[in-house]
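Structure record follows, encoded as structure tokens.
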Protein chains: 2
Amino acid sequence: MSLIPIRPGSPFGTQPERSDAARNRERLLQAARDLVAERGVDAVTMDMLACRADVGKGTVFRRFGSRAGLMMTLLSDAEAEFQREFIFGPPPLGPGAPPLERLIAFGEARIKYVEEYGELARAAAEHSPQNRHDAPPVVLWHRHIEMLLREAGLDRDPWLLALSLGATLDPERMLHSLRAHGVAPERLAASWRELVTRLLKDC
Amino acid sequence: MSLIPIRPGSPFGTQPERSDAARNRERLLQAARDLVAERGVDAVTMDMLACRADVGKGTVFRRFGSRAGLMMTLLSDAEAEFQREFIFGPPPLGPGAPPLERLIAFGEARIKYVEEYGELARAAAEHSPQNRHDAPPVVLWHRHIEMLLREAGLDRDPWLLALSLGATLDPERMLHSLRAHGVAPERLAASWRELVTRLLKDC
DNA sequence: ATAATAAGCGGACCGCAGTCCGTTTAGAAT
DNA sequence: ATTCTAAACGGACTGCGGTCCGCTTATTAT
């Protein structure tokens with residue numbers, strides 16, 4: 001399902017999960033989606049979730065590891081879809097277009113993603129620089145930007161430059177611009193376009 | 001003392017703090033510095049601080065408002081010094097040099113700042129997008145970058161562009177590169193130089 | 001000196017994320 | 001069907017940041 005397996009599911013040799021575990025997982029995911037829908041991401045507590053799903057608290061943490069892990073799980077379908085699009089999808093986001101256009105499209109797609117899932121994404125990164133910067137999806141985005149920079153001929157430490165560009169697209173930061181400062185998404189997109197266009201000029 | 005008054009001190013008409021309050025503030029700051037020195041920022045808890053300073057927990061929070069507030073207070077001298085340097089100090093960091101050189105110097109200074117105070121700065125921004133992005137010093141850095149961009153002739157939404165550049169210099173992010181990935185500070189500086197140089201080319 | 005008062009104080013208390021460990025149970029082996 | 005065992009479970013417990021509120025005390029006015 002996800003291109004990068006975010007949670008438990010099924011590495012290879014491992015036997016399938018027990019039936020009660022599967023049932024509880026479904027109950028938990030359903031309850032989590034309901035709670036997020038009716039109260040907002042930030043108001044959902046792990047106790048609340050355990051209670052609503054009618055399981056013990058230990059079960060919640062066994063399943064998701066942490067609050068951030070729960071949020072990642074809730075995001076994983078959207079995340080997988082996003083990954084599919086920029087890896088296999090049609091240009092300009094997917095392969096086929098020149099790198100500058102792909103970069104621009106990548107930024108625009110991220111902005112839309114943050115508009116829709118920003119709160120979840122923020123909660124999925126909270127309380128751990130490790131999760132924030134080295135979670136598999138983040139590393140993948142980073143590598144993708146780095147690859148596009150290389151393709152565009154930017155050979156001076158593209159890894160760090162990709163980190164800088166990634167910082168611009170950070171969910172918390174963009175969310176803050178959008179919500180706290182009322183910046184229009186189109187303006188964010190225009191600024192991103194301007195930024196990468198200038199960066200890649202004459203390479 | 002600080003150019004931007006970070007904590008309580010003395011707005012104008014307010015009478016000076018009571019003597020016992022002053023004494024407790026000194027005790028708290030001394031205890032906080034000691035604890036940070038001997039156990040590291042992340043290991044210092046508010047209870048621990050209250051206990052070491054021999055005051056009640058309520059007093060700690062009355063003084064600093066939150067853990068982040070405490071860390072900001074511990075940073076305020078270094079922060080004021082940094083502000084002085086890029087506002088009034090000698091070029092290329094201070095006024096007098098061309099904007100590109102000032103930008104480069106600003107990034108370099110921030111990198112040194114993070115090397116020295118990164119953990120404190122990270123802790124000062126934790127648990128609140130509000131504090132992270134709209135704290136007075138952050139706003140000041142942002143304005144400074146924006147001003148330099150304008151001076152350099154970059155007139156397409158310099159406010160948002162400054163936000164992007166600021167994101168690159170974010171303490172948590174740089175700290176993560178430095179510590180978790182072992183990136184040398186000189187490499188960070190070189191990447192920053194490359195980034196802003198390309199951005200300001202042909203303006 | 002005494003009284004009045006507001007700032008300051010302390011620590012019990014709360015909510016939340018995350019852990020621990022004794023108990024239950026699904027599913028395999030016989 | 002019975003036994004076995006490892007996975008799963010549940011909820012009491014811990015640690016931390018942060019709040020609340022009744023008590024204390026420095027300071028000012030009389």
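The values are calculated or read from the model by the stated rules, or taken from the named source; none is laboratory data. What you see is a predicted model; the values in this text were computed from it and never measured. Note: ideal-geometry Cβ built from the backbone for every residue, glycine included; neighbour counts use all protein chains shown.
To keep it simple, each residue is scored yes or no on (1) more than 14 Å from chain A (Cβ to nearest Cβ); (2) out of contact with any Leu (no Cβ under 9 Å at 6 or more places or on another chain); (3) away from DNA strand D (no atom under 11 Å from the Cβ).
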| residue | (1), (2), (3) |
| --- | --- |
| B:VAL55 | yes, no, yes |
| B:VAL60 | yes, no, no |
| B:MET72 | yes, no, yes |
| B:ILE87 | yes, no, yes |
| B:VAL114 | no, no, yes |
| B:HIS127 | no, yes, no |
| B:ARG132 | no, yes, yes |
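Taking the range A:172-185 as the search range and keeping residues that are part of a helix (DSSP H, G or I) and touching a helix residue (DSSP H, G or I) at 6+ places or on another chain (Cβ under 6 Å), which one is farthest from the other protein chains (Cβ to nearest Cβ)? Only one residue tops the list, namely A:PRO185. Cβ-Cβ distances below 7 Å connect the following pairs, each with a first residue in the range B:158-171 that is within 7 Å of chain A (Cβ to nearest Cβ), a second residue that is among the charged types (D, E, K, R) and in a loop (DSSP other than H, G, I, E, B), and a separation of six or more residues or different chains: B:ALA167/A:ASP170. A single entry from A:ALA50, A:ALA68, A:ALA78 fulfils the requirement of being part of a helix (DSSP H, G or I), at pLDDT 95 or above and more than 16 Å from DNA strand D (Cβ to nearest atom): A:ALA78. B:GLY153 falls short on exactly one of the conditions (1) under 21 Å from the mean Cα position of the chain (by Cα); (2) under 15 Å from B:LEU100 (Cα atoms), and that condition is (1). Scanning the range B:95-136 for residues that are out of contact with any Pro (no Cβ under 9 Å at 6 or more places or on another chain) and not in a helix (DSSP H, G or I) yields B:PRO95, B:GLU126, B:HIS127, B:SER128, B:ALA135. Within the option set A:LEU188, A:LEU154, being buried (at least 21 other Cβ atoms within 10 Å of the Cβ) and either touching a residue at least 40 places away in the same chain (Cβ under 8 Å) or at the interface with another protein chain (Cβ under 9 Å from one of its Cβ atoms) (or both) holds for one residue only, A:LEU188. Checking the structure you have, find out if any residue of the range A:139-149 is touching a helix residue (DSSP H, G or I) at 6+ places or on another chain (Cβ under 8 Å), more than 17 Å from A:PHE106 (Cβ to Cβ) and more than 11 Å from chain B (Cβ to nearest Cβ). No - not one qualifying residue is present in the range A:139-149. Which condition breaks for A:THR59 when tested against (1) more than 17 Å from A:HIS127 (Cβ to Cβ); (2) surrounded by 15 or more Cβ atoms within 10 Å (Cβ to Cβ); (3) free of Cβ contacts under 8 Å to residues at least 24 places away in the same chain; (4) near DNA strand C (Cβ under 9 Å from one of its atoms)? Answer for A:THR59: the failing condition is (3). Which members of the range B:191-203 meet the condition of being among the basic types (Lys, Arg) and more than 9 Å from chain A (Cβ to nearest Cβ)? Answer for the range B:191-203, where residues must be among the basic types (Lys, Arg) and more than 9 Å from chain A (Cβ to nearest Cβ): just B:ARG193. In the range A:16-47, the qualifying residues are those that are within 7 Å of DNA strand C (Cβ to nearest atom) and part of a helix (DSSP H, G or I), and the one that is nearest to the other protein chains (Cβ to nearest Cβ) is A:MET46. The listed residues are B:ARG27, B:ARG102, B:ARG84, and the only one of them that is modelled with pLDDT of 95 or more and not assigned by TED's automatic domain parsing to the domain that holds B:LEU163 turns out to be B:ARG27. What residue, among those in the range B:99-151 that are of a type in the set (Asp, Glu) and closer than 21 Å to B:LEU195 by Cα, is surrounded by the fewest Cβ atoms within 10 Å (Cβ to Cβ)? Here the answer is B:GLU115.
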